[in-house]
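Asker: First the structure, then my questions, so here it is.
The values are calculated or read from the model by the stated rules, or taken from the named source; none is laboratory data. Keep in mind the model is a prediction, meaning the values are calculated, not measured. With ideal geometry, Cβ positions are generated from the backbone for all residues, glycine too; neighbour counts draw on all protein chains shown.
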Amino acid sequence: MGATAGSVDESTYSVIPKNLITKANKTGTNWFDEIFRSAPIQNHQLGVSGATEQARYAMSLNYFNQQGIMDLTSYKRYSLRANTEFNVNKRVRVGENFQLAYGEQIGQPNGNQSESNPISFAYRVPPITPVYDIKGYFAGSPTVLDNSRSPVAELFRNKDNKRKEMRIFGNAYAEVDILKDLTARTQFGVDYNLFNLRNYRANDPESPEPVGNNTLGTFNNYEYTWTWYNTLTYSKALGDKHRINAILGTESIKSYFEFFQAERSGFAVDDISNRYLGAGRSGITNAGSGAEWRLASEFVKLNYAFDDKYLLDATLRRDRSSRFAPQFRTAIFPAVSAGWILSNESFMKGLSWLNFAKARIGVGQTGNQEIGNYNAFSTFATSPESSFYDLQGANTSSLPGYELGQFGNANAKWETTTSTNIGFDARLFNNKLDFGFDWFNRRTTDMLFPVEVQFTQGVAANPFQNIGEMTNKGIELSLNYADKKGDFTYSIGGNFSTYRNTVVKTTGDPNTQYFGFTTRLAPMSVTQAGYPLSSFFGYQIDGIFQTDAEGRAHAAQFVSNTDAAKATNPYNKAGAFKYRDINNDGVINAADRTIIGNPHPDFMYGVNLSLGYKDFRLDIFGQGVQGNQIFNYVRYWTDFPTFGGNRSLRMFEKSWRPGMTDAQLPIPRSNDVISSNPSTYYLEDGSYFRLKNIQLTYTIPSAILKKVGLSTASIYLQGQNWLTLTKYEGLDPEINLRNYSSGSDRQIGVDEGAYPAFRSTNVGLSISF
Amino acid sequence: MKKIFFTIAVMVGVGLTSCSDNFLEVQPLGVLSEGNLTNRAGVDLVLTGAYSLLDGVQTNVGSAFADWQGSADNWVYGSVASDDAYKGSNAGDQPEISVIEAFGHTSDLVHFRGKWRAVYDGIARSNDVVQLVAKVSDMSDVEKNTVIAQARFLRGHYHFEARKVFKNVPYIDDKTYISSDANSTKVPNTEEIWPKIEADLDFAYKNLPNRWTGAPGRATKWAAGALLAKAYMVQAKYAQAKTILDDIVNNGGFKIVASYHDNHRAATNNNSESIFEVQFSVNDGAAISNNGNRGHTLNYPYGGGALTTCCGFFQPSQNLVNAFKTDANGLPLLTTFNQVDVPSDNSQAFTGNLDPRLDWTVGRDGVPYLDWGIHNPQYVRDRAYAATFLRRNNRLINQKMEV
């Protein structure tokens, strides 16, 4: 670092002891280009099916191989699927559907939405760092610049860390026609999973903060869920006008999960053949545990139709879940809906342009039990890290201890959503125009949320509590028009939906706030009565001070409210963010954080277009989201003096300097630790429109096929995600929820550098004999 | 055909009845209920868990707080906030500490929550012990009393920490705290808690043994007395403190070690000078040496081929180094010490007198640094930003916290 060309003796190059020699990349390394690539996908499927009087069968083999768009990541899957059904006699049928799948995945190290994954390093590594040093070894950044690691090296070292998964799932069933109108069915399903990963982390001597010790973690998981489903179905037409369908059923589910993991370090060599726990000599740790949950339900369903005009559906369901304490275990969820097929009324028959019209109304309840498996229990746990202590003063051993690991909440009960639906469907003009409309109001009561317990209560996993009430109101519209002119067929359609989410009530105190996740920043999501779920939270920025006088005239920003404190305060000077004094107390501090944005969209829409001419067919499908905001957390790393890594062009061009009235960022100061707090600066318009799918299909005429002994064959060319229209500056505006076992919607629309959707072009051939 | 029908009917019948309430009873796996621990062995396990937070380090259960923020010696809230040390590292790393250093912190600063969590979790664990021991039937009253005295020592200590760092805090005792009621500790912080800290420590002082055989990490009468005396001194109640301190000096059986550096070596932990130490252990089965003074995990030398690589925080201030200057008699220069700087590089000769303890406290260029050899200037991550000295007491199990 800092040496001029020719002044370094390259013969002193050495990995151990570390004397790596790297030349600055004067043109700059584009780290995104270095880790992303175009990659092929293969998908082959071979199937046979057939039927006799007594049996039906189908079997297919599938091979799927997708090389990731991120270098050295991939997913491979082999699967076998078999369905059979036998008629034991006229009244009894027995069958099964099973699938066997083996998958191998090499993902990005450290997972998605992590500050230590290759995407995050790609925007942090200084571009002056080249990919390789003078000897072709991975180059690291100089410690004086930044501590980020080379994403290329990270991916290379991760390339043999395969996540292997073996999955068996499916069901077997038997059906008996007890009477002419009465059928009994019993079905037993299973989903069985085995998972293994040997995750090796080799030394990274080039890194500014090298790990210093290679490490292997081995993970074995085992999981099964079985579902037993029994129904008794009665179907009867009474006279010409009445039709009845009734189902009585039970369902029980049992799920069990167990994991074992172990870790060692100090491996003599990095060879793949040596990456087994027994070869590690130090840092021996291991852990294991299990979990289970069960659900038992009974339900009855009644459908009644009168004269194909009036329809009535009613359902009553009783659910009992092991996740709640016995006294709150049981919940009953009724639902009822009615339909009126207007087009079957005699007074409508005269309308020749109307083919079908139906009005619908329904009210029903559903439950949510996603609160983890043991929410009701207060439990004590033991862990060497957190509850062991060296009472004997031995220095190299400690005595085991226990601590409260989870606060139980035995009072939690089912969260219930009551939905009211009013809808209308119609087909007009010889079924060319298809129209659908729905209005809905979903009211969620006893909303379950992992409330942080009193800060004076100690630390253990927070239990879910029933905190309040929320509504989602909205409409859904769809319109489709299809027609045919000679050899030319076409259809054009669109759908539109919108919802408004409001948290109606929490504890009764409108100031009660439930926060989302803490990153390196304080939480940027809050759930509070009167606002949408997981609204964005932080400071409101009202521009940038152009003069010192303007800064001093404003409220004292993060200092006490005295002229002396303000006079020397860099945040009351020209070039600093001007924060809004929400509580009007003359001081800007944490109390001025407020709700600053909404991750929920104004509306969502989709369009589709199909054109067919003779044997050609073109399908186009696009969808969009409008009016939502995204909290672009990546800006914390690229737009503020966070560590010493790469900075955005935005910071270079839009930082304030004297006279710059359209600046977006404050004057850069290396010790500015305030401006990066969650604020409106991070919010971006998340609207986008994306062409999800374009497909051109050619069906080979059967006349040609017959000559070569095929029954059907087609060729297609497909493009996915070819076009995205958005103003969002991050990698991808389609942001998913943070991956979290339960309660993940406490934070919505926060982009921590999420893995982007990829654009793909596929060529396919499908043949049947 | 009849036979098949019969089988299915039986299956459906079982299906409808097997979902009895037993099916829905599950037990958490790999963890214990309070009932499992309501016995002598269980009490000891929970008590060890309460001791375990003396280092201020927990694992992060479902949250994003960094474990080291609770570090028992308060390097952030004490040394960095005072003139003893700088944040260190570089400007962009852990900028919140700079805010604390400059007294610019707001109530949402996440580091304080890290400290708060550690002390209030310690309090909760101590209360768990007190509540548990009351339900146990296989222990004598004397045994129970000794356990309660240890738990109250710990509870007093954790509250002392809370009082020291946050001032207006609530005192949570075993009558207030109910682990199954998330709001049980929602109590006001309007009352001065010194009397309750004193009551806990006084109980411990009067009920703990003088020594524990083979367990120097357990609280003793003298540890409780020393902590109580410290609580008095912080409140300027010197007479009350002196009574206890005289008792410790006269009856405690402690003596100053022959060599100053014995207070900085793992081999001489818990020596004759030591009244109470936080015990650290490495290679004890805990991941990332989490019991080995994890609170200082960011505070190792950064570059220059150092054995550890992260992260160069907590660097001694020039002011601290200057405070080691002495007069000809070896006494500190109380008012004038900071007028001339002691250079960081001893090749620039400093002609004045220095207390030899300086080089047990601070790493200086050119001076041997522990057993790592001569202090390498590149150990310091960013000399332009964070001064040029490096903290000395870096060895994993070497760090002591004295009460």
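Asker: Filter segment B:151-175 down to residues that are in contact (Cβ under 8 Å) with a residue 24 or more places away in the chain and facing chain A (nearest Cβ under 10 Å), then give me how many there are.
Answerer: Number of matching residues: 4.
Asker: Has segment A:200-215 got at least one residue that is in a strand (DSSP E or B) and touching a helix residue (DSSP H, G or I) at 6+ places or on another chain (Cβ under 9 Å)?
Answerer: yes
Asker: Under 6 Å by Cβ, and 6 or more places apart or on different chains, what pairs join a residue from segment B:357-368 that is surrounded by 18 or more Cβ atoms within 10 Å (Cβ to Cβ) with one that is at pLDDT 85 or above?
Answerer: Taking only residues 6 or more apart or on different chains, the pairs are B:Leu358/B:Phe324; B:Val362/B:Pro316; B:Val362/B:Val321.
Asker: Given the condition free of Cβ contacts under 8 Å to residues at least 24 places away in the same chain and touching a strand residue (DSSP E or B) at 6+ places or on another chain (Cβ under 8 Å), answer yes or no: does some residue in segment A:148-168 qualify?
Answerer: Checked segment A:148-168: no residue is free of Cβ contacts under 8 Å to residues at least 24 places away in the same chain and touching a strand residue (DSSP E or B) at 6+ places or on another chain (Cβ under 8 Å).
Asker: Could you list, in sequence order, the residues of segment A:694-725 that are within 30 Å of A:Gly606 (Cβ to Cβ) and β-branched (Val, Ile, Thr)?
Answerer: The answer is A:Ile694, A:Thr697, A:Thr699, A:Thr712, A:Ile715, A:Thr724.
Each row is one residue, and each column tells you yes or no for (1) closer than 30 Å to A:Arg93 by Cβ; (2) of a type in the set (D, E, K, R); (3) exposed (fewer than 12 other Cβ atoms within 10 Å of the Cβ).
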| site | (1), (2), (3) |
| --- | --- |
| A:Gly6 | no, no, yes |
| A:Ser11 | no, no, yes |
| A:Ile21 | no, no, no |
| A:Asn25 | no, no, no |
| A:Ile35 | no, no, no |
| A:Gly50 | yes, no, yes |
| A:Gly68 | no, no, no |
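Asker: Another question about this same structure. I want to confirm something. Restricting to segment A:541-593 and keeping residues that are surrounded by 15 or more Cβ atoms within 10 Å (Cβ to Cβ) and hydroxyl-bearing (Ser, Thr, Tyr), which single residue is farthest from A:Arg669 (Cα to Cα)?
Answerer: It comes out as A:Tyr579.
Asker: Here's a follow-up. Any idea which of (1) surrounded by 16 or more Cβ atoms within 10 Å (Cβ to Cβ); (2) in contact (Cβ under 8 Å) with a residue 40 or more places away in the chain; (3) over 26 Å from B:Tyr120 (Cβ atoms); (4) among the basic types (Lys, Arg) is the one B:Arg265 doesn't satisfy?
Answerer: (1)
Asker: Could you check B:Met233 against (1) outside any helix (DSSP H, G or I); (2) surrounded by fewer than 20 Cβ atoms within 10 Å (Cβ to Cβ) and say which number it fails?
Answerer: Failed condition: (1).
Asker: Given the condition buried (at least 19 other Cβ atoms within 10 Å of the Cβ) and either assigned to a loop (DSSP other than H, G, I, E, B) or among the basic types (Lys, Arg) (or both), answer yes or no: does some residue in segment A:707-729 qualify?
Answerer: Yes, segment A:707-729 has at least one match.
Asker: Which of the residues spanning segment A:345-371 are surrounded by fewer than 20 Cβ atoms within 10 Å (Cβ to Cβ), closer than 26 Å to A:Asn409 by Cα and touching a residue at least 60 places away in the same chain (Cβ under 8 Å)?
Answerer: A:Asn368, A:Glu370
Asker: Do you know which residues across segment A:295-314 are under 38 Å from the mean Cα position of the chain (by Cα) and of a type in the set (Ser, Thr, Tyr)?
Answerer: Within segment A:295-314, just A:Ser297 meets the criteria.
Asker: Would you confirm whether any residue within segment B:267-288 is in a helix (DSSP H, G or I), more than 26 Å from B:Arg357 (Cα to Cα) and of a type in the set (A, V, I, L, M)?
Answerer: yes
Asker: Here is a further query. Please determine whether any residue of segment B:312-328 is surrounded by fewer than 16 Cβ atoms within 10 Å (Cβ to Cβ) and either without any contact (Cβ under 8 Å) to a residue 40 or more places away in the chain or charged (D, E, K, R) (or both).
Answerer: Within segment B:312-328 (the criterion being surrounded by fewer than 16 Cβ atoms within 10 Å (Cβ to Cβ) and either without any contact (Cβ under 8 Å) to a residue 40 or more places away in the chain or charged (D, E, K, R) (or both)), the answer is yes, since at least one residue qualifies.
Asker: While we're on this one: Got a number for residues in segment A:722-762 being within 20 Å of A:Ile69 (Cβ to Cβ), modelled with pLDDT of 85 or more and among the aliphatic types (A, V, I, L, M)?
Answerer: Number satisfying all stated conditions: 2.
Asker: Okay, next question. Within the group A:Arg294, A:Arg317, A:Arg323, which residue is in a loop (DSSP other than H, G, I, E, B) and crowded, with 17+ Cβ neighbours inside 10 Å?
Answerer: A:Arg323
Asker: When you go through B:Asn189, B:Asn145 one by one, which is the residue that is more than 17 Å from the chain's Cα centre (by Cα), surrounded by fewer than 22 Cβ atoms within 10 Å (Cβ to Cβ) and within 13 Å of chain A (Cβ to nearest Cβ)?
Answerer: Among B:Asn189, B:Asn145, only B:Asn189 is more than 17 Å from the chain's Cα centre (by Cα), surrounded by fewer than 22 Cβ atoms within 10 Å (Cβ to Cβ) and within 13 Å of chain A (Cβ to nearest Cβ).
Asker: Could I ask something else about it? Only one of these conditions is not met by A:Tyr304: (1) out of contact with any Leu (no Cβ under 7 Å at 6 or more places or on another chain); (2) more than 8 Å from chain B (Cβ to nearest Cβ). Which number is it?
Answerer: Condition not satisfied by A:Tyr304: (1).
Asker: Any chance you could count how many residues in segment A:681-725 are within 27 Å of A:Ala757 (Cβ to Cβ) and either free of Cβ contacts under 8 Å to residues at least 12 places away in the same chain or not aromatic (Phe, Trp, Tyr) (or both)?
Answerer: 23
Asker: Still on this structure, I have one more. Hey, among the residues in segment A:342-386 that are more than 14 Å from chain B (Cβ to nearest Cβ) and within 30 Å of B:Val31 (Cα to Cα), which one's modelled with the lowest pLDDT?
Answerer: Checking each candidate, the answer is A:Glu370.
Asker: Follow-up. Is segment A:531-546 home to any residue that is within 14 Å of another protein chain (Cβ to nearest Cβ) and not small (Gly, Ala, Ser)?
Answerer: Yes, segment A:531-546 contains a residue that is within 14 Å of another protein chain (Cβ to nearest Cβ) and not small (Gly, Ala, Ser).
Asker: Next up: Which members of segment A:709-730 meet the condition of being touching a Lys or Arg at 6+ places or on another chain (Cβ under 9 Å) and of a type in the set (A, V, I, L, M, F, W, C)?
Answerer: Matches in segment A:709-730: A:Trp722, A:Leu723, A:Leu725.
Asker: Can you find, within segment A:450-488, the residue that is farthest from the other protein chains (Cβ to nearest Cβ) among those that are touching a Phe, Trp or Tyr at 6+ places or on another chain (Cβ under 8 Å) and hydroxyl-bearing (Ser, Thr, Tyr)?
Answerer: Once the filter is applied, the top-ranked residue is A:Ser478.
Asker: Consider segment B:72-117. How many of its residues are assigned to a helix (DSSP H, G or I) and more than 8 Å from every other protein chain (Cβ to nearest Cβ)?
Answerer: 13
Asker: So which residues in segment A:222-239 are modelled with pLDDT under 95 and more than 14 Å from chain B (Cβ to nearest Cβ)?
Answerer: Residues satisfying the conditions are A:Tyr234, A:Ser235, A:Lys236, A:Ala237, A:Leu238, A:Gly239.
Asker: Suppose we filter A:Asn583, A:Asn589 for residues that are more than 13 Å from A:Leu696 (Cβ to Cβ) and free of Cβ contacts under 8 Å to residues at least 24 places away in the same chain; which single one remains?
Answerer: Just one listed residue meets the conditions, A:Asn583.
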